[in-house]
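Report on the structure given below.
The values are calculated or read from the model by the stated rules, or taken from the named source; none is laboratory data. For clarity, every value in this text was computed on a predicted model and none was experimentally measured. Glycine gets a Cβ as well: all are built from the backbone with ideal geometry, and neighbour counts include every protein chain shown. These accessible areas exclude ligands, DNA and RNA; they are computed on the full protein's heavy atoms, side chains included. Shrake-Rupley method; radii C 1.70, N 1.55, O 1.52, S 1.80 Å.
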Amino acid sequence: DVFAVISRPNNAILAIADGCSWGPKPRQAARCAVRGSMEYLNQKLFDTVDKPHNTQDIVKYMLMSLHSAQKMIVENNGTTTTLCVAVVSELDKPRGENGWGLCVVSVGDSPCFVWQKKTRSVFEVTSASHSGHVRDMRDSGGCLGVSIGQEPDLENLICCHMTVSEGDV
């Protein structure tokens, strides 16, 4: 239903949400999830006082952004949605070499893929969220919004990290 991208020279925040079911309330949930998580991350990742120093900090902020997304969904009368958020950032490596890291947090069945330039192949970063299970398009496997009362269903919440190279998409 909704996606957003914030891109800078040495990092990017990407989010995609797919409302569960059809109609205006799931669409509202997806919009709120993306907006809530993106606003939170955009503020926290570039805060001059408490900015992240490593990928663990980034993932911590990504997990906290789910709370912001959940709150916005409930406040705006959305129902349920999946959400996948990714942060790509330049990493400091020893000997002055630069590299790139991809951190992903996902709830539900919205996957994250990387096209690797070197191997010319596509890799699903979030494959562990459904490893060994047959996907059922009628069940997202988890969601933000009003799933369990006013709480989300974080059954298949997944956090992933991988290194990526320049030219990967």
Nearest 10 degrees, 0 to 90: helix 55-75 Cα axis against the chain principal axis: 20
Whole-number percent relative contact order across the chain, with pairs defined as alpha carbons under 8 Å at least 6 apart: 23
Solvent-accessible surface (1.4 angstrom probe) belonging to Cys20, in square angstrom, nearest 10: 30
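Which peptide among 9-16, 79-86, 59-66 comes first, and what is the full order, when sorted by highest mean count of other Cβ atoms within 10 Å? Don't jump to the answer; show the numbers that get you there.
Values: 9-16: 17.0, 79-86: 26.4, 59-66: 19.4.
Descending mean neighbour count gives 79-86, 59-66, 9-16.
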Virtual spin-label span in nm between Val169 and Glu39, 7 Å along Cα→Cβ: 3.2
With 10 Å bins from 0: P(r) over the stretch 1-121, alpha-carbon pairs, percent: 14, 42, 29, 12, 2, 0
Percent RCO, i.e. relative contact order, over the stretch 17-109, from Cα pairs under 8 Å lying at least 6 residues apart: 35
